[in-house]
Amino acid sequence: MFWHFLGLLLIGALIGWVASKLMHGKGGLIRNIILGVAGSVVGGWLADYAGIGSGNVWSIGGFLVAVGGACLLILISRLIVGRR
């Protein structure tokens, strides 16, 4: 259980880091973990809604869906806050 949770935190941090680099964002480790985990949820939900399925985060397709969800969250937060 602990190792699964630690693995999710690590992959969440990686997803958040990749998304922040793609979107030229700033932030630290905690922000990247939160962004990565939330992006995985949003990306997976949107992929399921679109009927393409998301797989899991441990696959390439699932990783890309999660990064896409995290990028979408960055974009939405910029629109709400009103900054670039």
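Computed from the coordinates by the stated procedures, all read-outs in this text should not be read as laboratory data. Everything numeric in this text was worked out from a predicted model, so none of it was measured. Every residue, glycine as well, gets a Cβ built from its backbone with ideal geometry; the counts of neighbours run over all protein chains shown.
Hey, among the residues in segment 1-33 that are in contact with a Ser or Thr (Cβ under 9 Å, 6 or more places away or on another chain) and not in a loop (DSSP other than H, G, I, E, B), which one's farthest from L72 (Cα to Cα)?
L8
Would you mind stating whether L72 is without any contact (Cβ under 8 Å) to a residue 12 or more places away in the chain and surrounded by 16 or more Cβ atoms within 10 Å (Cβ to Cβ)?
no
Out of the residues in segment 34-66 meeting the condition of being part of a helix (DSSP H, G or I) and of a type in the set (V, I, T), tell me which one is farthest from L79 (Cα to Cα). Even if it seems obvious, please write down each step before you answer.
So in segment 34-66, the residues part of a helix (DSSP H, G or I) come out as 34-50, 60-66.
Still in the list and also of a type in the set (V, I, T): 34, 37, 41-42, 60, 65.
Details: I34: 19, V37: 20, V41: 20, V42: 17, I60: 29, V65: 21 Å.
Among residues in segment 34-66 that are part of a helix (DSSP H, G or I) and of a type in the set (V, I, T), the one farthest from L79 (Cα to Cα) is I60.
Go through segment 1-26 and give me each residue that's surrounded by 14 or more Cβ atoms within 10 Å (Cβ to Cβ) and of a type in the set (G, A, S).
G12, A13, G16, A19, S20, G25
Please enumerate the residues belonging to segment 42-67 that are of a type in the set (V, I, T) and either touching a His at 6+ places or on another chain (Cβ under 9 Å) or surrounded by 14 or more Cβ atoms within 10 Å (Cβ to Cβ) (or both).
V42, V57, V65, V67
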